[in-house]
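Here's the structure we're looking at; comments come further down.
The values are calculated or read from the model by the stated rules, or taken from the named source; none is laboratory data. On a predicted model such as this, the values are computed, not experimentally measured, just so you know. Cβ atoms come from the backbone with ideal geometry, glycine included; neighbour counts cover every protein chain shown.
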Amino acid sequence: MKFQFIYTFFALSLGAYLFMGSGTGAGANQSIDLTGSPLGGGVFCSFCHSGGNFSPSLSVQVLDNGTAVTAYEPGKTYTLRVAVTAGAGSPLRYGFMAVALAGATNQSAGTFGTPPTGIRKTTISNREYVEHNTPSLANTFTIDWTAPAAGTGDVRFYSAGNATNNNNGSSGDSAVRLTSPLTLTEMTTSNLPTTELFRQLSAWPNPVSDELNLRIVTANSGLYKMDVLDAQGNRVRSEQVQLAAGENNLRRDWNDSAPGVYFVQFSDGEGLATLRILKQ
């Protein structure tokens, strides 16, 4: 009997703790992923909010000038749109949470823009999330999203939403999540294929710990721009390199770089060549 009381008290306390922050965003207040993604073990808003009869549905789209896309252009800015639509009843407030992930280890993909009123960005385990920061009268949430660097591959959007009765409690609410993530494939960004920009582009060792060697074979001599981008598409290094026709060997120090995925990108103003590097 005593153990049952302790367990019940713990469960009620946990529920109250989660609710106190969920009205203004569980991510920022409790640092938990409630999008239904693998990072949160599939948990979403129903972990706390339940008992409602609103039967909501969830729509997640990435828009390019108002048109939904299924593929992204690296580095381009789009609009993420999340809509929570009630199938029954009349909810008084809405909320949401979303994250964009890529790769086998579910790293953040791209970056979210400046949040509009009612939305905020938060970081959990080095991954960027967006969520409501106050219960919303509107059932639709939009925010800019800039796609990651070339070579990232598929980007998966996980999201969950909530339709509530605004009774300052977690009862009588209805939560919903995507049954499968919205997946965007990566579009080719090069105007020229890599094999035409360079005859060969390789790096070793890869993964790299201290020093990276690059081998470039090109048909044409000239000045090339070399950028290093992180997994979110942020430029962390940039330089101009003069390459001769034929084989070129470059050596760069990576000792100060944080562990993670990077992309070495060369451009001659007409085409791109990109190489994925793993820093360990």
(request) Quick one: count up the residues across the range 87-121 that are farther than 22 Å from Gly260 by Cβ and touching a Leu at 6+ places or on another chain (Cβ under 6 Å). (result) 1
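Each row is one residue, and each column tells you yes or no for (1) surrounded by 23 or more Cβ atoms within 10 Å (Cβ to Cβ); (2) at pLDDT 95 or above; (3) over 28 Å from Asp227 (Cα atoms).
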| site | (1), (2), (3) |
| --- | --- |
| Phe112 | no, yes, no |
| Tyr129 | yes, yes, no |
| Ile143 | no, yes, no |
| Gly151 | no, no, no |
| Ser159 | yes, yes, yes |
(request) Answer yes or no: is there a residue in the range 192-215 that is more than 30 Å from Trp145 (Cβ to Cβ), touching a residue at least 24 places away in the same chain (Cβ under 8 Å) and aromatic (Phe, Trp, Tyr). (result) yes
(request) Determine the pairs where a residue that is farther than 12 Å from Arg177 by Cβ and assigned to a strand (DSSP E or B), located within the range 148-163, has a partner that is among the polar types (S, T, N, Q) and at pLDDT below 90 with Cβ atoms under 6 Å apart, the partner being 6 or more residues away or on another chain. (result) Ala163/Ser174
(request) Scan the range 265-276 for residues that are crowded, with 17+ Cβ neighbours inside 10 Å and over 16 Å from Pro74 (Cβ atoms) and jot them down. (result) Asp268
(request) Mind listing just one residue for me: the one in the range 63-75 that is assigned to a strand (DSSP E or B) and hydrophobic (A, V, I, L, M, F, W, C) and, of those, nearest to Ala231 (Cα to Cα)? (result) Ala71
(request) Test Gly271 against the criterion of being closer than 30 Å to Val82 by Cα and either free of Cβ contacts under 8 Å to residues at least 24 places away in the same chain or under 29 Å from the mean Cα position of the chain (by Cα) (or both), and give yes or no. (result) no
(message) Name the residue that is farthest from the chain's Cα centre (by Cα), counting only residues in the range 226-254 that are in contact (Cβ under 8 Å) with a residue 40 or more places away in the chain and more than 24 Å from Ala109 (Cα to Cα).
(response) Arg251
(message) Can you pull out every residue in the range 250-265 that is of a type in the set (Phe, Trp, Tyr), within 16 Å of Thr152 (Cα to Cα) and in contact with a Ser or Thr (Cβ under 8 Å, 6 or more places away or on another chain)?
(response) Phe263
(message) Considering only residues that are of a type in the set (S, T, N, Q), more than 20 Å from Ala175 (Cβ to Cβ) and either in a loop (DSSP other than H, G, I, E, B) or not assigned by TED's automatic domain parsing to the domain that holds Thr35 (or both), which ones fall in the range 76-122?
(response) Thr105, Asn106, Thr114, Thr117
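With Thr105, Thr35 as the choices, which residue is at pLDDT 90 or above and in contact with a strand residue (DSSP E or B) (Cβ under 6 Å, 6 or more places away or on another chain)? It would help to see each step written out before you state the result.
Working: Thr105 fails: in contact with a strand residue (DSSP E or B) (Cβ under 6 Å, 6 or more places away or on another chain).
Exactly one residue qualifies, and that residue is Thr35.
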(request) Give the number of residues within the range 175-191 that are at pLDDT below 90 and either closer than 19 Å to Ile277 by Cα or in contact with an Asp or Glu (Cβ under 6 Å, 6 or more places away or on another chain) (or both). (result) 7
(request) Spot the failing condition for Gln242; the list is (1) touching a Gly at 6+ places or on another chain (Cβ under 8 Å); (2) in a loop (DSSP other than H, G, I, E, B), and only one is missed. (result) (2)
(message) Here is a check on your reading of the model: is Ser171 in the same structural domain as Ala102 (by TED's automatic domain parsing), among the hydroxyl-bearing types (Ser, Thr, Tyr), at pLDDT below 95 and surrounded by fewer than 17 Cβ atoms within 10 Å (Cβ to Cβ)?
(response) yes
